[in-house]
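Input: a single structure, listed below in structure tokens.
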Amino acid sequence: MSKLKGDLDLHKLEVFFWVAELKSFSEAAQRLSLKQPTVSAHIQELEKTLGGKLFYRIPGKVTLTALGILLLDQAKDLLAFKRETVAKIERFHGSLSGELWIGGSNIPGEYLLPHSLAAFIQKHPRVKPILRIGDSASIVDEVLDGKVEIGFVGFKNAETRLSFEKIWQDEMVLTVPSAHPWARRKFVELSDLRSEQFISRERGSGTLDSFRHLITKGRRSADDLLSVAMELGSTAAVKEALISGLGISILSRVSVKRELADGLLTEIPIRGFKMIRDFYEVCYKGRPLSPVAQAFREFLKADSSSKHYRHERRRIV
């Protein structure tokens, strides 16, 4: 009967875990802030301890051996236990520290998360947040790729490796320049949108996808209702186009709060049409969160004083 040739090292297990998850030695090295030769050395030492190969190494491709598959299941449980224990001890001593890798689509990333991060690091000053911002589709990909631990996005897809938890609701509003003829109207009809130049977010935007979904639920086609003049890559760009008088758009209320208050833009109700959409917190199901990420997740749920995140899922108004 064979036996282990030494003790299992949790750090080497964590290195193994990230190589297996990211299917890349170089990306695992980047994720762990290590040099690639160091990652390779850790894997070689682990293989020597276990008495077998963990990966098939083909140029440009890394796959698990049978031993690697067995170890990955066990490593997930061990690392989850380790991280949960470390997090509890650090919170007990009030000494939580490390990098917090999260991603947010345009609205959460630019308008919501910065406030919550500020409150979180006031409580845990040794934490360094790293916030990546992109459209919802790209943030979901970054969660899958392990580039961020938690994502905050504007749609829920069917990816079975991910868990999506509704965290709050947002209202989208029809927004026009303050000098636009519609600015003096009490409301418009949904069919009126076709007559105006529509400034759209790019494909993959949660705001755009949510609006199209709402239109489809009403058995209408968004393409039939909108005359898209341009597609822009951020909410800020769309707002600047509107302020310049280039058209109309559908935007998150929280994103135009300041421009509406300053009179640069005007909100126009669409008669009989309410545009409410959900935002989701997304995590990889089989990937244990770091102590910092777990603490931030719990902070968002427990922070009853937060304006944007509430345990009872109140809508942003």
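Counting only Cβ charges, +1 for Lys and Arg and -1 for Asp and Glu, the dipole size of the chain around its Cα centre is about 520 debye. When the chain is modelled as a GNM with alpha-carbon springs shorter than 10 Å, which of Glu189, Glu21, Glu142 fluctuates the most? Answer for the Gaussian network model of the chain: Glu189. Counting 0.36 nm for each residue step from Ser26 to Asp77 and taking away their Cα separation leaves a gain of 15.9 nm. For percent of Cα pairs over 27 Å apart, the value calculated from this model appears in [x] 38; [y] 52; [z] 43 under label [y]. The DSSP beta bridges internal to the chain are antiparallel in roughly 55% of cases. Relative contact order, whole percent, for segment 121-205 stands at 29, derived from Cα pairs under 8 Å and 6 or more residues apart.
Spin-label model, Glu159/Asp9: points 7 Å from Cα along the beta carbon direction are separated by 3.2 nm. Candidates Thr235, Ala183, Pro288 compared by Cα position along the dipole of the chain: farthest toward the positive end lies Pro288, with charges placed on Cβ. Could you state the number of Å between the C-alpha centres of segment 220-279 and segment 42-87? Using only Cα atoms to place each centre, the spacing works out to 48 Å. To the nearest ten degrees, helix 113-123 and the longest principal axis of the Cα atoms of the chain are 50 degrees apart.
Cα centroids of segment 94-116 and segment 188-217: how far apart, whole angstrom? Between the Cα centre of segment 94-116 and that of segment 188-217, the gap is 28 Å. Annotation: the residues His213, His93, sorted from fewest to most other C-beta atoms within 10 Å of their own C-beta, follow the order His93, His213. Looking only at segment 225-261, which residues have a backbone nitrogen under 17 Å from a spot 7 Å from the Cα of Thr216 in the C-beta direction? The answer is 225-226. Taken along the Cα-to-beta-carbon direction at a fixed 7 Å, the label points for Thr85 and Ser138 span 4.0 nm. A Förster radius of 22 Å combined with the Cβ-Cβ distance from Phe92 to His115 puts the calculated FRET efficiency at roughly 0.25. On full extension, the segment bounded by Glu45 and Glu189 gains 45.0 nm, given 0.36 nm per residue less the C-alpha separation. Each helix, a run of at least 4 DSSP H residues, gives -39500 (n - 2.57); summed and divided by the residues of the chain, these come to -12500 deg cm²/dmol at 222 nm. Tell me which of Leu264, Ser200, Ile276 sits at the most positive position along the dipole axis of segment 170-277, charges placed on C-beta atoms (Lys, Arg +1; Asp, Glu -1). Farthest along the dipole direction, towards plus: Ile276.
Straight-distance candidates among the lysines for linking to Lys82, with alpha-carbon spacing under 20 Å and chain neighbours fewer than 8 residues away dropped: Lys12, Lys285. Take every pair of alpha-carbon atoms less than 8 Å apart whose residues are at least six positions apart; their mean separation over the length of the chain yields a relative contact order of 21 percent. Distance from the alpha carbon centroid of segment 18-36 to that of segment 117-165 works out to 19 angstrom. Cross-link partners for Lys301 among the aspartates and glutamates, with Cα-Cα distance under 13 Å and sequence neighbours closer than 8 places in the same chain left out: Glu165, Glu281, Glu312.
With each label modelled as a point 7 angstrom along the Cα→C-beta vector, the Ala302-Lys128 pair spans 2.6 nm. Assuming charge only on the beta carbon of Lys and Arg (+1) and of Asp and Glu (-1), the dipole of segment 170-277 about its Cα centre is about 380 debye to the nearest 20.
Bear in mind these aren't lab numbers, they're just calculated from the coordinates by the rules spelled out. Here the structure is a predicted model, which means the values were calculated and not measured. FYI the Cβ positions are ideal-geometry reconstructions off the backbone, even for glycines, and counts take in every protein chain you see.
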